[in-house]
Number of protein chains: 4
Amino acid sequence: MKWTTKITKVEPNHLVTRGYRQEDLIGNIPFPHVVYLLLKGELPSKEHGQMMDAILTACIDHGVTPPSSMASRVVASGGVPLSTAVAAGVLSIGDAHGGAIEKGAKFLQEGVFRMKEGKTPEDMAKLLVKEAKEQQKRILGFGHRVHTSDPRTKRLFSLAEELKIAGDHTALSRSIEVELEKSTGKKLPINVDGAIAAIISDMGFDWRLGKGFFLLGRVAGLTAQVYEEQTEQKPMRKMFSVECDYDGPKERDLP
Amino acid sequence: MKWTTKITKVEPNHLVTRGYRQEDLIGNIPFPHVVYLLLKGELPSKEHGQMMDAILTACIDHGVTPPSSMASRVVASGGVPLSTAVAAGVLSIGDAHGGAIEKGAKFLQEGVFRMKEGKTPEDMAKLLVKEAKEQQKRILGFGHRVHTSDPRTKRLFSLAEELKIAGDHTALSRSIEVELEKSTGKKLPINVDGAIAAIISDMGFDWRLGKGFFLLGRVAGLTAQVYEEQTEQKPMRKMFSVECDYDGPKERDLP
Amino acid sequence: MKWTTKITKVEPNHLVTRGYRQEDLIGNIPFPHVVYLLLKGELPSKEHGQMMDAILTACIDHGVTPPSSMASRVVASGGVPLSTAVAAGVLSIGDAHGGAIEKGAKFLQEGVFRMKEGKTPEDMAKLLVKEAKEQQKRILGFGHRVHTSDPRTKRLFSLAEELKIAGDHTALSRSIEVELEKSTGKKLPINVDGAIAAIISDMGFDWRLGKGFFLLGRVAGLTAQVYEEQTEQKPMRKMFSVECDYDGPKERDLP
Amino acid sequence: MKWTTKITKVEPNHLVTRGYRQEDLIGNIPFPHVVYLLLKGELPSKEHGQMMDAILTACIDHGVTPPSSMASRVVASGGVPLSTAVAAGVLSIGDAHGGAIEKGAKFLQEGVFRMKEGKTPEDMAKLLVKEAKEQQKRILGFGHRVHTSDPRTKRLFSLAEELKIAGDHTALSRSIEVELEKSTGKKLPINVDGAIAAIISDMGFDWRLGKGFFLLGRVAGLTAQVYEEQTEQKPMRKMFSVECDYDGPKERDLP
């Protein structure tokens, strides 16, 4: 029963992560670069490191209403340790919350793979939107409940251009945005999940890490929210005025 | 039913965290500084920002054996999403795993508070070790199962000195180390949890955030471990050769 | 590295739990009796088995507003598997939610232990209420946010009398109720957590299992709620109209 | 913002679940019947109630080695509340652990639906095994890592026959077992997940509740295991002698 790992070697007084001694990393390599090292196996270039840093910050917090914040706050309210409440927020990260990074990246990576046959991003986008329409599938990473022009998206894309990271996946993503508008008649701008999906794909990350980027940034906001709940509110406070209609069976006696 | 929060204001196309527009933070302020902003309410000085960065990296990963890694790996093995498995690891962060940061910081902060009566760190340490002995309580943050001279601890303390962050809490911590050896006859060096407890206390953080620092760094390693488990191993693999003796009641018939 | 367990022996085609073959238990011993067997090591008497059954049902569900229901619903809304969402609800079971069973049982068990010196429940109750007042501590298990005369409590106590299970802990609990009213001038009736705390103590259970009884019943309601959420609602539905005032720092430029 | 629920109506001193007053259910209706009521909306017949009871017991515990037990034990070892550790075990219930109930039930329900065209279970089984082979898909619910003749499976099926619950889904399941042996040349007996999948389908349950049955029984064993860990072991005990080879990059200096 032997395990093998490529992540960390632990010996007495000696910790080596992806080849580097942890005491060398600590305080010398910026934490987002260390995250990159953990996920990719190698330290990033300066540009990739800065992009990773930007992505983490783009995920930190979206106020109290997303499922992750609500879950963390509500669980904190039950009177549990801070880490338990933060974990509850992480649990809500699923197909509908943060999941568009994973699914969007998969979609873009498969699209770019098919572009190798010689298609331009525009051609490929046209084809993908057509296919999605025929199969009645939604393309994830476009449109947002709150934002029509998400400031995080703009900032991430301009940074990706500036750092010369934006490539085929970003181009395909932008072309899909254009085609979606033509096809549906509605503006469905790339949202922040979609932007991250494109950029991590251009950085060479596996789409299966998609939810990881989101959670690595979001735990910062969740920790702040749990701390605020625990220090400024009472446990079991009345959080919501949920009016709830019961429409089950009428009151009845046991048979 | 109105909530108030000091963390993030969300309006259409406008996200303001602790006063700063998120698009200004993204890619301009290093992520560990943004974490500091979230937890403390203000951006750090250059020195505090660098210290925060170092603390996060010091928590990233300790191989496959700690409860958090094991929990994440085992849960991943059940065939669940990456975020669920990472959350399971966070759940194991408790009094015995990472918890010494919280309890250690509380202990040091109470000790330094009592030093205001005019005591030196040495006097206070003597008194605290004596009290702990009388009450048969363990002082947390000293001694380690694996490391006698943890390279992370040394690096964190030397950085705290260099950045002029080390203050009363660090001094008290070092004095306790000396007194513990005198009192027990054993070397019980400050461990990495104890070092972080002292340094975040010198940085002015509330001890109740203790588990937060640990989890914010550790999620990076947990994400890497879950990804490695999901991509290089089969679900439900035989992970352990646990030999298990059953010493319950002998096999019997129903009454 | 050998484990020992008193719970289940697993051999090929042979599963023995607390001494009984699982195929003998299945369908022959009622599930709540099997739960009792798991927690106590022995099958219950008919009366204890029926009481255990009643306790589990008393914990099943309290509508959509408790933290556990909210957490399960909110996490389900993120688009995760049913079991993940149910687990999130279980996470909220803490000192403030369900926790009064554990703490209440501890309090009663310590009280009854002290009665061995020859005190009546009335004397002991008087003393405990006086001590709590002096130490400004709340006695848990009395009073409820919604119910002044909880139908579950009445039913559990009358069943405990009928089954001749009610003993010293129940008597002490009732006396504390009387003394609390004398001491505070307010009616603070025993709540359902307090009733369960008293009854499981009279059944000889360790107070450290307190949260277990609550969660074993509550998972039934949580599973129903997650299923209702997943089948009758869309993911990421707008669940709450939380009005949220941001009272953090005013919008500002980066320094 | 109005919710509707068919589960429980909560009013002061009045709790109505699926139409029944909770005080009427408590101690009068066996808990497994109440679980059925919660999941299905109506109280079960005597036979369905007994079958539900048997299914819950069939899921209670499988010793210390499954991911759920391991996750609960490991997380308990971090020094967290009992409910947190039990929840960690529930998190591991996924596609590979307990998930065959959900997927197996879906498969059988779709198969029986297609039998309406006039096919016998034998014909349908032949077709399904052929299709699976062509699509290189595994049919879930057959074969087990430890048991070749699982005593739980036999007991559940004989009870389902006796209670006249076994119907088309059970028949189809048994036919698939025969066809799988013909097709692969190996015995792949229906496992306990597969048996439950067939029986709950014959009871008219939605396959989407599959993981629910497993977790509702398993939390009993997990609670016992966490309690055993917390009361008989030290926190952070050395649980495994995992030998771990590091095969990542060789130790190296920072660039």
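Miscellaneous remarks
- Just one residue in the set A:Asp95, A:Asp61, A:Asp123 is buried (at least 24 other Cβ atoms within 10 Å of the Cβ) and of a type in the set (Asp, Glu); that residue is A:Asp61.
- Taking the criterion of being among the acidic types (Asp, Glu) and either at the interface with chain D (Cβ under 7 Å from one of its Cβ atoms) or without any contact (Cβ under 8 Å) to a residue 40 or more places away in the chain (or both), the residues of the stretch C:207-233 that qualify are C:Glu228, C:Glu232.
- Among the candidates C:Arg155, C:Arg145, residue that is open to solvent by 10 Å² or more (accessible area, probe 1.4 Å), modelled with pLDDT under 95 and either of a type in the set (D, E, K, R) or under 20 Å from C:Val112 (Cα atoms) (or both): C:Arg145
- The stretch C:1-45: number of residues that are touching a Cys at 6+ places or on another chain (Cβ under 7 Å) and either within 19 Å of D:Met52 (Cβ to Cβ) or crowded, with 22+ Cβ neighbours inside 10 Å (or both): 1
- The condition (being of a type in the set (Lys, Arg) and open to solvent by 50 Å² or more (accessible area, probe 1.4 Å)) is satisfied by just one residue among B:Arg208, B:Arg218: B:Arg208.
- Residues of the stretch A:236-255 that turn out to be within 14 Å of chain D (Cβ to nearest Cβ) and part of a loop (DSSP other than H, G, I, E, B), as a count: 13
- Only a single criterion out of (1) open to solvent by 10 Å² or more (accessible area, probe 1.4 Å); (2) closer than 26 Å to D:Gly79 by Cα; (3) in contact (Cβ under 8 Å) with a residue 60 or more places away in the chain; (4) charged (D, E, K, R) is not satisfied by B:Asp245, namely (3).
- Test for A:Ile165: is it assigned to a helix (DSSP H, G or I) and either surrounded by 23 or more Cβ atoms within 10 Å (Cβ to Cβ) or within 12 Å of chain B (Cβ to nearest Cβ) (or both): no
- Members of the stretch D:137-158 that are under 16 Å from the mean Cα position of the chain (by Cα) and hydroxyl-bearing (Ser, Thr, Tyr): D:Thr153
- Residue count for the stretch B:51-69, restricted to those that are under 18 Å from A:Glu23 (Cα atoms) and more than 7 Å from every other protein chain (Cβ to nearest Cβ): 4
- Only a single criterion out of (1) under 20 Å from the mean Cα position of the chain (by Cα); (2) over 22 Å from A:Pro235 (Cβ atoms); (3) open to solvent by 80 Å² or more (accessible area, probe 1.4 Å); (4) not basic (Lys, Arg) is not satisfied by C:Glu134, namely (1).
- Any chance B:Gly79 is open to solvent by 20 Å² or more (accessible area, probe 1.4 Å), in a loop (DSSP other than H, G, I, E, B) and under 30 Å from D:Leu82 (Cβ atoms): yes
- Residues considered: C:Ala171, C:Ala105, C:Ala87, C:Ala132. Of these, the only one that is part of a helix (DSSP H, G or I), among the aliphatic types (A, V, I, L, M), more than 14 Å from chain A (Cβ to nearest Cβ) and without any contact (Cβ under 8 Å) to a residue 12 or more places away in the chain is C:Ala132.
- Boolean, A:Ile26 is more than 22 Å from B:Leu91 (Cα to Cα) and more than 7 Å from every other protein chain (Cβ to nearest Cβ): no
- Any pair with Cβ under 6 angstrom, 6 or more apart, that starts in the stretch A:1-21 at a residue that is more than 7 Å from chain D (Cβ to nearest Cβ) and more than 11 Å from B:Gly63 (Cα to Cα) and ends at one that is open to solvent by 10 Å² or more (accessible area, probe 1.4 Å) and β-branched (Val, Ile, Thr): A:Pro12/B:Val146
- Residue identified as among the hydrophobic types (A, V, I, L, M, F, W, C) and in contact (Cβ under 8 Å) with a residue 60 or more places away in the chain among A:Leu25, A:Leu39: A:Leu39
- Residue that is farthest from B:Asn191 (Cα to Cα) [pool: residues in the stretch B:108-120 that are assigned to a loop (DSSP other than H, G, I, E, B) and open to solvent by less than 80 Å² (accessible area, probe 1.4 Å)]: B:Gly118
- Test for A:Gly185: is it more than 7 Å from every other protein chain (Cβ to nearest Cβ), farther than 18 Å from A:Thr57 by Cα and surrounded by fewer than 24 Cβ atoms within 10 Å (Cβ to Cβ): yes
- With respect to the stated conditions, A:His48 is part of a helix (DSSP H, G or I), more than 8 Å from chain C (Cβ to nearest Cβ) and either open to solvent by 10 Å² or more (accessible area, probe 1.4 Å) or closer than 30 Å to A:Glu131 by Cα (or both).
The values are calculated or read from the model by the stated rules, or taken from the named source; none is laboratory data. If you're wondering where the values come from, they're calculated on a predicted model, not measured in any experiment. Cβ coordinates were reconstructed from backbone atoms using ideal geometry, including for glycine residues, and neighbour counts include every protein chain displayed. Accessible surface areas use protein heavy atoms only, side chains included; no ligands, DNA or RNA. Shrake-Rupley method; radii C 1.70, N 1.55, O 1.52, S 1.80 Å.
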